[in-house]
Amino acid sequence: MIRLEDHIRRIPDFPKPGIQFYDIATLLRHPEAWAAAVDRMAAAIAPLKPNFLAGVEARGFLVAAPLALRLGCGFMMVRKRGKLPGATVRHDYALEYGTDTIEIQEDAVTPGQRIVVLDDLLATGGTAAAAIALIRKRGGEVVNASFIIELVGLGGRDRLDVPVSVLLKFPA
């Protein structure tokens with residue numbers, strides 16, 4: 001059995017002093033470990049029968065795209081403002097100091113579709129909560145939020161009003 005935590009690199013003081021960064025690049029570079037991660041996430045998500053997986057920019061794309069292929073469902077991108085072509089729908093959300101905006105393409109969600117939001121890491125939950133709100137704005141039913149890593153102690157899980165699944169938990 002592959003221990004996924006052995007394939008997550010810890011980088012102290014990145015992107016600023018006092019922050020411990022959990023890097024999934026080392027997981028992605030190890031084919032057996034990455035396959036195990038995808039397999040484990042697929043096993044958790046498959047029973048939910050999603051129509052789409054929504055990957056949050058940018059590392060969420062790396063997680064959601066192979067899972068969507070494996071599960072035989074669609075993949076949609078949740079991106080920062082101005083990065084998607086065509087008509088989009090946006091959602092503004094609060095950050096610690098200011099606001100940010102995410103978007104999906106206007107035709108990405110049909111009301112009633114079952115959607116799982118995916119990203120590599122759950123910290124404070126702000127971006128995931130915004131993605132859930134945006135998808136709901138278009139009538140989608142968010143049935144789960146799934147992450148490779150959860151940083152315990154930052155309250156991210158508590159900000160999400162959907163079930164949360166994670167592969168690994170680390171202290172913040």
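Bear in mind that the values in this text are calculations on the coordinates, not laboratory data. Please read these numbers as outputs of a predicted model, since none were measured by experiment. Every residue, glycine as well, gets a Cβ built from its backbone with ideal geometry; the counts of neighbours run over all protein chains shown.
Each Lys or Arg adds one and each Asp or Glu subtracts one; over the other residues with Cβ under 15 Å from the Cβ of residue 110, this totals +1.
Dipole orientation for the chain: of the candidates 67, 2, 149, 67 has the Cα lying most toward the positive pole (charges on Cβ; Lys, Arg +1; Asp, Glu -1). For the chain, complete DSSP H runs whose alpha carbons reach 20 Å or more along their own long axis and whose mean Kyte-Doolittle score is -0.5 or higher are 31-45. In the chain, the DSSP beta bridges split such that about 35 percent are antiparallel, to the nearest 5.
If you find the alpha carbon centre of the stretch 135-152 and of the stretch 14-91, how far apart are they in angstrom? The distance from the Cα centre of the stretch 135-152 to that of the stretch 14-91 comes to 11 Å. Near residue 55, once Lys and Arg are set to +1 and Asp and Glu to -1 for all other residues with Cβ below 12 Å from its Cβ, the sum equals -1. Distance between the pseudo-spin-label points of residue 48 and residue 28 (7 Å out from Cα toward the beta carbon): 2.1 nm. Among the GluC sites (Glu not before Pro) in the stretch 65-172, those located in a DSSP loop and surrounded by at most 11 other Cβ atoms within 10 Å of their own Cβ are 96.
Using θ = phi - 60° in the Karplus curve 6.51 cos²θ - 1.76 cosθ + 1.60, the 3J(HN,Hα) couplings for the stretch 103-116 round to 9, 10, 5, 4, 9, 6, 10, 9, x, x, 5, 8, 10, 10 Hz; x is entered for Gly and Pro. Among the trypsin sites (Lys or Arg not before Pro) found in the stretch 1-30, those both in a DSSP coil and sparsely packed, with 11 or fewer other Cβ atoms within 10 Å of their Cβ, are 3, 29. Once both labels are positioned 7 Å from their Cα atoms along Cα-to-Cβ, the gap between residue 137 and residue 99 label points is 1.0 nm. Amide H contacts under 5 Å for residue 121: 148, 149, restricted to partners 5 or more places along the chain or on a different chain, H placed in the peptide plane at 1.01 Å from N. Could you tell me the relative contact order of the chain? Use alpha-carbon pairs under 8 Å, at least six residues apart, and round to a whole percent. Averaging sequence separation for qualifying contacts and normalising by length gives 17 percent for the chain.
Spin-label model, residue 58/residue 35: points 7 Å from Cα along the beta carbon direction are separated by 2.8 nm.
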